[in-house]
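S.K.: Got a structure for you, questions after.
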Amino acid sequence: MFLTFIVGPLLPLSPRDVCQRFTAANSLKAAKTYSGTRLWPALEVRFAYKEGAALKIRCDLLDEAEAPPDLGGYFVACRCYGQPKDQVAFLLDGVFHLRNIDGD
C-alpha cells in the first residue's frame, strides 16, 4: 500500500504512459504538458480546427522500444485515425520519439 500511494506518484511516467496522456489530451494546455515546444504550432492548429471544434483523432499505441544510441530516447509506434466533419477519413501510422531533454 505504501508504494502505491506514496512512492508511485513520484516515479516518472513510462514512455507509453506519456504517449497515452498526450493522445488523450482534450485541450491545448494538456497536450503541451506532454510535448516539446517545437510541436506546439501543430497542436494549436489541431485544437483550433473548425472554429473552436477540436479535431477528434483516435490513436492506438502499438509497440515500443529504445531508440538507437545515436538518436537516443525511446520510440512508441502508433496508428491514428479520424474523420473530420464532411471530409474523407484518414489513417496514419507513425512513431512518437520521446527524448529526455531537461531531466524530467
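Since every read-out is calculated from the coordinates, none of them should be taken as a lab result. No experiment lies behind these values; they were computed from the predicted model shown. No Cβ is skipped: glycine too gets one built from the backbone with ideal geometry, and neighbour counts run over all protein chains shown.
S.K.: Multiply the residue gap between Phe75 and Arg99 by 0.36 nm, knock off their C-alpha separation, and tell me the result in nm, one decimal place. Intermediate results must be reported in sequence, preceding the final value.
M.R.: Numbers: separation 24, 0.36 × 24 = 8.64 nm, distance 0.90 nm.
Full extension from Phe75 to Arg99 adds 7.7 nm.
S.K.: Could you list the trypsin sites (Lys or Arg not before Pro) in the stretch 16-94 that lie in coil according to DSSP, counting only those with at most 14 other Cβ atoms within 10 Å of their Cβ?
M.R.: For trypsin sites (Lys or Arg not before Pro) across the stretch 16-94 that sit outside H, G, I, E and B with at most 14 neighbouring Cβ atoms in 10 Å, the list reads Lys56, Lys85.
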